[in-house]
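The values are calculated or read from the model by the stated rules, or taken from the named source; none is laboratory data. Not measured: the values here are computed from a predicted model. Here the Cβ positions follow ideal geometry from the backbone for every residue, glycine too, while neighbour counts run over all protein chains shown. Keep in mind that these areas ignore ligands, DNA and RNA; they rest on the heavy atoms of the full protein, side chains included. Shrake-Rupley method; radii C 1.70, N 1.55, O 1.52, S 1.80 Å.
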Amino acid sequence: MKKINIVLFGTGNVGSKLINQVLQARESLKQKEGLELNLPVIANSTTAFFQNENQQASWEADREKFGFPYKFDDILEYVQKQKYKNLVAVDATASEEFVDHYLPLIKAGFHIVAANKVANTRSSKFYGELRAALKENNRFFFYETNVGAGLPVIETLRNFYRSNERVTKVRGVFSGSLSYIFNTYCEQERAFSEVLSEAAEKGFTEPDPRVDLSGKDVARKLLILGRELGLEKEFEEIAVQDLVPPHLNGQSSLKNFQQKKNELDPLFLELKKNLGPDEVIRHVGELDLQEGVLDVKLVKEKRSSALGSLQNVDSSFEIFTESYGEQPLVIKGAGAGAVVTARGVLTDLIKLAEKLPS
Ligand SMILES: NC(=O)c1ccc[n+]([C@@H]2O[C@H](COP(=O)([O-])OP(=O)(O)OC[C@H]3O[C@@H](n4cnc5c(N)ncnc54)[C@H](OP(=O)(O)O)[C@@H]3O)[C@@H](O)[C@H]2O)c1
């Protein structure tokens, strides 16, 4: 039986779903794959919890009882003392700072599986150092959920790149929350701010919806895909259309934005008025590999097109290559959501385990 030992950082939407999926899949993975998933350490930003066989209650109840305030080094010391093999750190945080632990983790023998996009969107220098450390220490780094949540976007592009199939363009609706907002706004006679509030209430946007509207999250995803295809770009080089006017963005508080968000309404109404009868607005990311241009913007799309006919929180990625020149390969489906993202992380863990010794 092959065993991997998972140290989970982040027990929010994605991390908590992942724990439940690991617990539910455990027996069938043992039987079907000969793989045992062990979860000896679970941590959020302040509290860690070491699981052992004596604990019988749910992991939440056990964490209540056995959790303690911790420092990052306490975890490294603990796993080294326990002599765990096949150690995997799962980054289910959204933390900029947590990524500073990646190099120490790799040097301490951990493989990494990340839902967090930060490591892949820092400077090219860091991107290179991370990959050099992985190679030097013979460790693996899986991050399929960085783009498209549970959809197999990164793997598909990587397979093209490895097999020398030239990718010329990737274009699509990269954001589930912005997909919902524009799909709804273009179908219904409602104010933009009302649709925005509804998307927030349904949990589709970040707590501060300006994070979505700024286009930065989509820009990060574009950069990750570009780098996967060998493009050497920095985040600052991406052309991003910010949908929030300057006086409501930047220095102004979230409260101020919430009070004044109806000031967005006339701006988006103007865009809607300029649409043709068979057109809709879509928020797209475009990666042009021939020109080396990365673009995040609003566009008009034919209602009948692949992007124009999207519904709900769907994302859609159109991949143009030498062989898929006129008709792109399309990957479409829910591009956000904790359950599908956690499933993607679990799939990464299983793929990683295939590469490890028993
Ligand atoms: N939700 C999606 O649809 C989706 C899709 C694709 C990718 N992702 C990515 O998945 C990641 C997690 O998303 P989420 O929605 O689960 O976020 P979330 O609900 O905000 O949870 C974040 C978790 O990370 C913990 N955390 C923060 N800093 C930490 C640190 N330094 N060490 C250990 N734990 C730390 C937080 O702890 P506290 O509770 O103590 O603050 C919290 O438990 C994000 O990077 C997100 O971009 C999400």
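Quick check on the range 137-160. Is at least one of its residues within 19 Å of PHE235 (Cα to Cα) and away from the ligand (no atom under 13 Å from the Cβ)? No, there is no match, as no residue in the range 137-160 is within 19 Å of PHE235 (Cα to Cα) and away from the ligand (no atom under 13 Å from the Cβ). Put simply, of ASP348, ASP295 the only residue that is closer than 30 Å to LYS233 by Cβ and within 16 Å of the ligand (Cβ to nearest atom) is ASP348. With the structure loaded, tell me whether ARG166 is open to solvent by 40 Å² or more (accessible area, probe 1.4 Å), among the basic types (Lys, Arg) and without any contact (Cβ under 8 Å) to a residue 24 or more places away in the chain or whether it fails that test. Taking the combined requirement at face value, the residue does not satisfy it.
Yes or no: the range 188-196 includes at least one residue that is buried (at least 20 other Cβ atoms within 10 Å of the Cβ), in contact (Cβ under 8 Å) with a residue 24 or more places away in the chain and in a helix (DSSP H, G or I). Yes, there is a match, as at least one residue in the range 188-196 is buried (at least 20 other Cβ atoms within 10 Å of the Cβ), in contact (Cβ under 8 Å) with a residue 24 or more places away in the chain and in a helix (DSSP H, G or I).
Summed over the range 198-211, the residues that are open to solvent by 20 Å² or more (accessible area, probe 1.4 Å), free of Cβ contacts under 8 Å to residues at least 40 places away in the same chain and assigned to a helix (DSSP H, G or I) give a count of 4.
On inspection, LEU329 does not qualify as in contact with a Leu (Cβ under 9 Å, 6 or more places away or on another chain), within 24 Å of ASN164 (Cα to Cα) and more than 16 Å from the ligand (Cβ to nearest atom). No other residue among LEU254, LEU225 is under 23 Å from VAL299 (Cβ atoms) and not assigned by TED's automatic domain parsing to the domain that holds SER123 apart from LEU225. Exactly one residue among ALA114, ALA108 is near the ligand (Cβ under 10 Å from one of its atoms) and either crowded, with 23+ Cβ neighbours inside 10 Å or not charged (D, E, K, R) (or both), and that residue is ALA114.
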